[in-house]
Amino acid sequence: MALVFILLAVRMLLRCIGGREQDCTVFEVVLFLLALLNGGWMLFDGLHVLRKGKYFGPEKPGAWSKIVARLGIDPFAIGPVFVVLGLIWLIAGVGLLVSESWAWLALMLTAVATLWYVKVGTVISLLVIGLLLLFKASLG
């Protein structure tokens, strides 16, 4: 299901880049790509930990796991959180791309909710928050 969703989103993106969708702006495309990157990875990694019992890559999860562990939560038990956040990133990104009224807020809340995902996730979240605030008027 996630693969079908991603393929449909990429199809919409290609229409925007090809000039067939008049409402797509460069900012929407950049925000969508950031959402696709962060959401796609979180969805993949969440499904991986649910199936294999470990995150993709090294045995020990990244810097974010220290934050989660300090809260008393087992980092390997939050695979469903990764899956849900990944799906929300993707849905919000597509919503922004097709100019849904709820998409700006959904993407902003998702980016804020993902700030704990240190290193790359935090950087992407900060970029998304900055772009959303900077170009709010042009995003509709």
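The values are calculated or read from the model by the stated rules, or taken from the named source; none is laboratory data. Bear in mind the structure is a predicted one, so any value in this text is a computation, not a measurement. Here the Cβ is made from the backbone with ideal geometry for all residues, glycine too, and neighbour counts use every protein chain on show. Ligands, DNA and RNA are stripped out before the accessible areas are found, and what is left, the full protein with its side chains, is counted by its heavy atoms. Shrake-Rupley method; radii C 1.70, N 1.55, O 1.52, S 1.80 Å.
The alpha-carbon atoms of the range 15-113 define a convex hull whose volume equals 106 cubic angstrom per residue.
Measuring only protein heavy atoms, the 1.4 Å probe finds L132 accessible over about 0 Å². Packing-based ranking of 45-57, 64-76, 108-120, 87-99 yields 87-99, 108-120, 45-57, 64-76, ordered from highest to lowest mean Cβ neighbour count within 10 Å. Backbone geometry of the range 25-38 corresponds, through the Karplus equation with coefficients 6.51, -1.76 and 1.60 at θ = phi - 60°, to 3J(HN,Hα) couplings of 10, 4, 5, 5, 5, 4, 4, 4, 4, 5, 5, 5, 5, 5 Hz, x marking Gly and Pro. Within a straight-line Cα-Cα reach of under 26 Å, K60 can be paired with the following lysines, leaving aside sequence neighbours fewer than 8 residues apart in one chain: K52, K119.
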